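Below you'll find the structure, written out as structure tokens, and then a few comments.
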């Protein structure tokens, strides 16, 4: 807590001299911060970005790069997929709840096509190609993919499936290092700096400064240990990321992630949330978490996932993040993949973006009974599961969980199982409550004057469920809103 222990606001009357000034000050140079800076600059504001690391990008630059967009984007239409804002909204309300901000989801869906055009106009490239195979992300530079389980049960029965995972083109990407997220951030950073946005690297926000009316008018920051007072004439935008690496906040709000915040970056220490809390900011969905599952989807869809009781619990062809959430939050992190030899060898011939998830099986056996015994499962537990699955799989059906017929095939022998207990990691989804103009909302329901926020330090679109692209999607979308609102404040 050394970086976030002194977060109470400072009165402007206590500041003897302002070291730097700007109309709009943005804390954080990730996706939300860069989009806020661009729009604030275009609205006529002098903009200053404060970035705690030595370069732009944040978690966004390291991400796979999905931006969740739909409603009939040009990329969707070109590739032959029909979608509407209403259809997109219907899916998101089902997938991201319960307790979602319905007004925010409706707003996002209706503005999604315009946001796509804005990204393209600012240099973000999308290749007109669709990747239809199961996977965490496209292995090449395909621009569109299903990224939230839209085409899997139960959602494919609730709304017309449409792929909405838009991925910036990057031919030489390196998964986890320079993927689509890098090619999302690079042109946006170049656009911001081309508009005259100033940046101060190695600069960490420590406290907010308020005037006698409690309006936010500046911040106290440090650069190489030196304290600096920065004046914000119109407003401050918090774009500081999640609290995935702040241990006390994880323990207090999202204890299921204790020991597994690997799907984030260490700079996500919750500072923006705590600074706003000290002003009385309201919070939302602080227990919500996305959970990655370290399994190769090409293997998962060809087998069956069972829990510690040997029972299936989720359709294996759904979004891997949904599998991760179900495993950690509902199955005590207990998961095993059971697959027969034919399906295993078939999966190994397919292309995947995550070959490092393909490990040798933990157990192998000639019969289900032998495998069950080797796994240490109760007698008949796995056998009953496989018998039930195979009974219906003979007809290409899965009446229990609704796996799509194309992936339903009886489990044969010989067969094997993977021990996938603890194969999860996550990041937090909750944060500051904001309105549609990205103003931070006080616990009273009124906006806090001069304070705006976007990205993972806010509660965003998600209230529990997740789709890949929601973070970069709502971070960029409401980052833009924050910049415009701050510039006009």
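The values are calculated or read from the model by the stated rules, or taken from the named source; none is laboratory data. These numbers come from a predicted model, not from an experiment. For neighbour counting, all protein chains shown are included, and Cβ atoms are generated from backbone atoms with ideal geometry for every residue, glycine included.
Here are the criteria: (1) surrounded by 24 or more Cβ atoms within 10 Å (Cβ to Cβ); (2) at pLDDT below 95; (3) more than 21 Å from the chain's Cα centre (by Cα). Tell me which single one residue 5 does not satisfy.
Among (1) surrounded by 24 or more Cβ atoms within 10 Å (Cβ to Cβ); (2) at pLDDT below 95; (3) more than 21 Å from the chain's Cα centre (by Cα), residue 5 violates only (1).
Taking only region 121-143 into account, find how many residues are under 19 Å from residue 83 (Cβ atoms) and free of Cβ contacts under 8 Å to residues at least 40 places away in the same chain.
3
Among residues belonging to region 321-331 that are surrounded by fewer than 23 Cβ atoms within 10 Å (Cβ to Cβ) and touching a residue at least 40 places away in the same chain (Cβ under 8 Å), point out the one that is nearest to residue 381 (Cα to Cα). It would help to see each step written out before you state the result.
Taking region 321-331 and keeping what is surrounded by fewer than 23 Cβ atoms within 10 Å (Cβ to Cβ), we get 322, 326, 329-331.
If we keep only those that are touching a residue at least 40 places away in the same chain (Cβ under 8 Å) as well, we get 322, 329.
On the way: 322: 24, 329: 22 Å.
Going through the qualifying residues, I end up with 329.
Can you tell me which residue in region 153-182 is surrounded by the most Cβ atoms within 10 Å (Cβ to Cβ), limited to those that are in a strand (DSSP E or B) and modelled with pLDDT under 95?
Among those residues, the one meeting the criterion is 178.
Among the residues of region 436-457, are any in contact with a strand residue (DSSP E or B) (Cβ under 6 Å, 6 or more places away or on another chain), in the same structural domain as residue 275 (by TED's automatic domain parsing), buried (at least 16 other Cβ atoms within 10 Å of the Cβ) and free of Cβ contacts under 8 Å to residues at least 40 places away in the same chain?
Looking through region 436-457, at least one residue is in contact with a strand residue (DSSP E or B) (Cβ under 6 Å, 6 or more places away or on another chain), in the same structural domain as residue 275 (by TED's automatic domain parsing), buried (at least 16 other Cβ atoms within 10 Å of the Cβ) and free of Cβ contacts under 8 Å to residues at least 40 places away in the same chain.
Please determine, by comparing only the residues of region 190-215 that are in a helix (DSSP H, G or I) and in contact with a helix residue (DSSP H, G or I) (Cβ under 6 Å, 6 or more places away or on another chain), which one is surrounded by the most Cβ atoms within 10 Å (Cβ to Cβ).
Within region 190-215, the subset in a helix (DSSP H, G or I) is 190-194.
Retained after the next criterion (residues that are in contact with a helix residue (DSSP H, G or I) (Cβ under 6 Å, 6 or more places away or on another chain)): 191-192.
Details: 191: 20, 192: 28.
Top of the filtered list is 192.
State the number of residues belonging to region 332-380 that are part of a loop (DSSP other than H, G, I, E, B), closer than 23 Å to residue 138 by Cα and in contact (Cβ under 8 Å) with a residue 12 or more places away in the chain.
Result for region 332-380: 7.
Being modelled with pLDDT under 95, surrounded by 21 or more Cβ atoms within 10 Å (Cβ to Cβ), farther than 21 Å from residue 50 by Cβ and within 18 Å of the chain's Cα centre (by Cα) is the requirement here; does residue 150 meet it?
Numbers: modelled with pLDDT under 95: no; surrounded by 21 or more Cβ atoms within 10 Å (Cβ to Cβ): yes; farther than 21 Å from residue 50 by Cβ: yes; within 18 Å of the chain's Cα centre (by Cα): yes.
No, not satisfied.
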